[in-house]
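Note sheet for the following structure.
The values are calculated or read from the model by the stated rules, or taken from the named source; none is laboratory data. Everything numeric in this text was worked out from a predicted model, so none of it was measured. Methodologically, a virtual Cβ is constructed for each residue, glycine included, from the backbone with ideal geometry; neighbour enumeration extends over all protein chains shown. Just the protein is used for accessible areas: all its heavy atoms, side chains included, with ligands, DNA and RNA removed. Shrake-Rupley method; radii C 1.70, N 1.55, O 1.52, S 1.80 Å.
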Amino acid sequence: MEETAPRKGTVTQRAIERITAMIREGELEPGERLPTERDLAVRLGISRSSMREAIRALTVLGVLEARHGSGIYVTRLEAGDLLETFGVVADLSRGRQLVELLEVRRILESTATALAAARITPDGLAEVEKHLAAMNATDDPEEIIAHDLAFHREIVAAAGNETMAAILEGLSSRTFRARVRRGHQEEDAFARTRREHAAIHRALAARDPEAARAAAAAHVGAVEEWLRTRREG
């Protein structure tokens, strides 16, 4: 028998598209409360169950947020909120996909580091140097990873591009780095990574964008190349 009713997934997808169109076209602004689920369903000609699923999906994606006792609101729609789930992809990736994500990180991080070389403030540079010194002062893997994250976070913040920063935050999560380091530290990775971080810091201190770009690309590229030869998973 031929199916005549639309599949639920299709209807839910249509509801998602209609809500995002309302936001895109300014009918719903960041921070604004949505009409009730019932009113939205009637207005868009979609069942309440499909509307509920659409709202749930958009909440997971960071487009909407539920406030207890108050209703559903459009979020601030900032890059960090919308790209939060990106980190989950990085943490769960294996094999070829993990290598591809590192390739993306190499491209973006080298660009961010070049921008930072031109834009970083003396205070920002001092913070970068502080985390470099902390990495050099310990052999504890957890501490090294923590300062490694903070080192790069300061640099990316100095680049001044919030969207790039949000993507790199997902690609540079603590879990993601720990997975790579676990296998890599057997090959004296910490000694090498200290040298690579020092090269990045020298380029930033010299205000040399091209040297900073090259140092950051070499740093991420070394891990990427190691993974290409080992292929986790």
If we only count helices (runs of 4 or more DSSP H) wholly inside segment 53-158, which ones have 2 or more residues that are open to solvent by less than 50 Å² (accessible area, probe 1.4 Å) and either closer than 26 Å to residue 214 by Cα or of a type in the set (Phe, Trp, Tyr) (or both)? 86-92, 95-119, 122-136
Within segment 161-180, can one find any residue that is touching a Gly at 6+ places or on another chain (Cβ under 6 Å), assigned to a helix (DSSP H, G or I) and at pLDDT 95 or above? no
So residue 24, is it touching a residue at least 12 places away in the same chain (Cβ under 8 Å), open to solvent by 40 Å² or more (accessible area, probe 1.4 Å) and farther than 22 Å from residue 171 by Cβ: no
Taking first residues from segment 31-56 that are closer than 24 Å to residue 76 by Cβ and acidic (Asp, Glu) and second residues anywhere that are open to solvent by less than 40 Å² (accessible area, probe 1.4 Å) and not in a helix (DSSP H, G or I), the pairs with Cβ under 6 Å that are 6 or more apart or on different chains are 32/74
Checked segment 120-145 for anything of a type in the set (Ser, Thr, Tyr) and either over 17 Å from residue 190 (Cα atoms) or under 24 Å from the mean Cα position of the chain (by Cα) (or both); matches are 121
Enumeration of residues in segment 204-213 that are buried (at least 18 other Cβ atoms within 10 Å of the Cβ) and farther than 16 Å from residue 126 by Cβ: 209, 211, 212, 213
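For (1) β-branched (Val, Ile, Thr); (2) in contact (Cβ under 8 Å) with a residue 40 or more places away in the chain, each residue gets a yes or a no:
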site: 95; (1), (2): no, yes
site: 98; (1), (2): no, yes
site: 101; (1), (2): no, yes
site: 104; (1), (2): yes, yes
site: 109; (1), (2): no, yes
site: 114; (1), (2): no, yes
site: 122; (1), (2): no, no
site: 127; (1), (2): no, no
site: 136; (1), (2): no, yes
What's the number of the only condition in (1) farther than 18 Å from residue 193 by Cα; (2) at pLDDT below 95; (3) of a type outside the set (Gly, Ala, Ser); (4) more than 16 Å from the chain's Cα centre (by Cα) that residue 100 fails to meet? (4)
Where residue 72 falls short, out of the listed (1) closer than 30 Å to residue 26 by Cβ; (2) among the β-branched types (Val, Ile, Thr); (3) at pLDDT below 95: (3)
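Residues are listed down the side, and each one gets a yes or a no for (1) modelled with pLDDT of 90 or more; (2) of a type in the set (Ser, Thr, Tyr); (3) over 24 Å from the mean Cα position of the chain (by Cα):
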| residue | (1), (2), (3) |
| --- | --- |
| 18 | yes, no, yes |
| 36 | yes, yes, yes |
| 45 | yes, no, yes |
| 51 | yes, no, yes |
| 60 | no, no, no |
